[in-house]
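The values are calculated or read from the model by the stated rules, or taken from the named source; none is laboratory data. Quantities reported herein were computed from a predicted structural model and do not represent experimental measurements. So basically every Cβ, Gly included, is an ideal-geometry build from the backbone, and we count neighbours across all protein chains shown.
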Amino acid sequence: MTSIKYTSRYIELAFNVLGKEQKFKDGVYYARTPEEVEVLDRISDAVRVDEPQEEQTEETVEAQEAEEKPAKAPAKPRKANTSAK
């Protein structure tokens, strides 16, 4: 199983899996076992970010990074100076 990313608005949200405490770090946790996924899917403060993926190629990583970058705002046209001296 590959890891599945979860986010939380809480930086260090803690939860238990099979009697062991697990904790989000900086609001992010990567579930690596089916038991973790099962618990996290039931926690309302944990949000699943992406579906399970196989190995990512360099091209797919670059494409995802490009999608995450904010688009630049269009340049505003300059107004002509119409005042006469």
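Computed values, structure above
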read-out: Residue list for region 24-46, restricted to those being surrounded by fewer than 12 Cβ atoms within 10 Å (Cβ to Cβ) and either touching a helix residue (DSSP H, G or I) at 6+ places or on another chain (Cβ under 7 Å) or of a type outside the set (Lys, Arg) (or both); value: ASP26, PRO34, GLU38, SER44
read-out: Residues located in region 27-53, provided they are more than 13 Å from the chain's Cα centre (by Cα) and not in a loop (DSSP other than H, G, I, E, B); value: ALA31, PRO34, GLU35, GLU36, VAL37, GLU38, VAL39, LEU40, ASP41, ARG42
read-out: Matching residues, region 1-26, being outside any loop (DSSP other than H, G, I, E, B) and more than 14 Å from ARG42 (Cα to Cα); value: ILE4, LYS5, LYS20, GLU21, GLN22, LYS23, LYS25
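Results for (1) modelled with pLDDT of 70 or more; (2) surrounded by 12 or more Cβ atoms within 10 Å (Cβ to Cβ), shown as yes or no for each residue.
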site	(1), (2)
PHE15	yes, yes
GLN22	yes, yes
ASP50	yes, no
GLU62	no, no
GLU68	no, no
PRO77	yes, no
THR82	yes, no
